[in-house]
Every structure is written in C-alpha cells, then in structure tokens.
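Take a look at the structure below.
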Amino acid sequence: MPSKKALVRRPGPRLAEGLVTHIEREKVDLGLALEQWDAYVEALRTHGWETVEVEPEDDCPDAVFVEDTVVMYKNVALITRPGAESRRIETVGVEEAVARLGCSVNWIWEPGTLDGGDVLKVGDTVYVGRGGRTNAAGVQQLRAAFEPLGARVVAVPVSRVLHLKSAVTALPDGTVIGHIPKLDRPSLFPGFLSVPEESGSHVVLLGGHKLLMAASAPKTAELLTDLGHEVVTVDISEFEKLEGCVTCLSVRLRELYA
C-alpha cells in the first residue's frame, strides 16, 4: 500500500529574516505565518496525510521550508547539501526524522550542493534544476543515487526563479504546469501546460485528482477545476514573501516500505 506521510517543520521566531533572492523583501507577520502554517498542515491531514513534525530549528529562519533538506525516491531519502551555507544545519533534524521512518539514507557531499526545491519527480523521471542553489556536482550525485533505482534524471537550467519547483510542478497525470515567463526552457517538458499565474505553477498532489494550491492563484485554480481536478486552496501569503510555495512546506513520502 502507498504511504501517505508528510514531513513538516514549524516556523521559527526568526522567520522574517529568511533569504530572498529574486524578489524584493517585504515585512513578514510571524503571527499570521503561524496561523497559515497550521491551516496548511490541517489541509494535509484533512485529505488523509499523516504529518510528521521535524524538530524545529529556531535559529534557522528558512527551516520551515523543509522540502529543501531531503529528496525522496521510492524508499531512499537523499539528504541534501543546501546551496545556501546558512541552511545546512537544517538537514540534521530531517535526517533523524527519515531514519526513524525506516528510510534508506544517502547524502550529498562537498563540493555538491542540492536544494530539494530543485527536484521535480514525474513518475520515474526526475527533473533537477541546475541554477543558483544546485550545482553540477549535486546533479551528478543525485543521478548516482537514483538512477540505479530506476530513475531517469534530466537536468534543467534555472535562472529566473529560486528553484525549479518555483517554476513548475506536475499534475496527477504527469502533465507539467508552469508560468512561461519564469521558465528557461519549457520545451524540455513533454505535455507542458501554461498557467496564467506564477503561484499557479505550484501544486501538491493530495491523492486522486485533488490538488493543494495557494489562494493567490484563482485563475489557475479555475483552469484546473475546469480540467476535472478538485482544488484545495490555502493562504500562504507570508511564506510567498520569502519565495516559498505550497510544495516547499512539506515533504511527501509516498513509497515507504511496510
């Protein structure tokens, strides 16, 4: 049976100090962010996901973006080496969490850097964004870890957004969706579907045709609803101010061995 566990990590008191790279810094309301995080976690639970809370890292402003610290493929957890040096301590608690869940644990080693937000899995195809936070050595190490397990790894240039999954994600049928102005080479994705809003590029697959999306993309939500999907929206405005999206606030573990 497929597993439905999701790693999450509570925002810390220094959230507002989080890194921003491609957008202007805005003031973050920590209290509102905590409320939004609670609602995000509740949305996962409501739709059948068991959430596993990783130990907080209160001195790490970006630790809430737990997706960047680990990439899952089947039962293997690849602990990343984030491109931002200030974020590397975040991986310790995540490694402990996936080990407790029975994952086989691998690591990205120096000189490699890899952020989980740069990795999009579509079936057995693993797209890896090569850009600001993920380097060539990181891509090579991910390929070495996952290709023996049956993955096909495709490197994708990323220069207009923070991470690959800031630009594209995929629908349940494997169709890759994205906002054209944020993509370097949309032709790399077969069956690509353009969406009208940047935040509409980000979907979390909840199961079946249910999609978790940010409330900031109503036109895309309408488009995907018209295509037969059931859209669940959450307000994550405070995390969007830090280049966050619905994908990076959790790590979904779908293929844990019983």
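Here are some notes:
- Working ranking of peptides 45-56, 214-225, 235-246 by packing, defined as the average number of other Cβ atoms within 10 Å per residue, highest first, is 235-246, 214-225, 45-56.
- At least 18 Å along the helix axis (C-alpha) and Kyte average at least 1.6, DSSP helices within the chain: none
- The alpha-carbon atoms of the stretch 95-250, seen along their principal axes, cover 43, 35, 31 angstrom, with the largest extent given first.
- The Cα center of the stretch 62-103 and the Cα center of the stretch 119-137 differ in position by 15 Å.
- Å² per residue, accessible surface of the stretch 3-256 at 1.4 Å: 41 Å²
- When only Cα pairs below 8 angstrom with a gap of at least 6 residues are kept, the stretch 3-256 shows a relative contact order of 22 percent.
- Residues listed by number, the stretch 222-244, amide nitrogen under 13 Å from I180 label point at 7 Å toward C-beta: none
- By the helix-only formula, in which each DSSP H run with n ≥ 4 contributes -39500 (n - 2.57) and the sum is divided by residues, the chain has a 222 nm mean residue ellipticity of -6000 deg cm²/dmol.
- Mean separation of Cα contacts under 8 Å, 6 or more apart, over the residue count of the stretch 42-185: relative contact order %: 18 percent
- Percent carbon-and-sulfur accessible area, the chain, ignoring ligands, DNA and RNA, probe 1.4 Å: 51 percent
- Computed magnitude of the charge dipole of the stretch 92-222 (debye, nearest 20; Cβ of K, R +1, Cβ of D, E -1): 180 debye
- Segment E17..E255, full-extension length gain: 82.2 nm, with 0.36 nm per residue of separation and the alpha-carbon distance subtracted.
The values are calculated or read from the model by the stated rules, or taken from the named source; none is laboratory data. Since we're looking at a predicted model, the values are computed, not measured. Using ideal geometry, Cβ is built from the backbone for each residue, glycine included, and neighbour counts are taken over all protein chains shown. Only protein heavy atoms, including side chains, enter the accessible area calculation; ligands, DNA and RNA are left aside. Shrake-Rupley method; radii C 1.70, N 1.55, O 1.52, S 1.80 Å.
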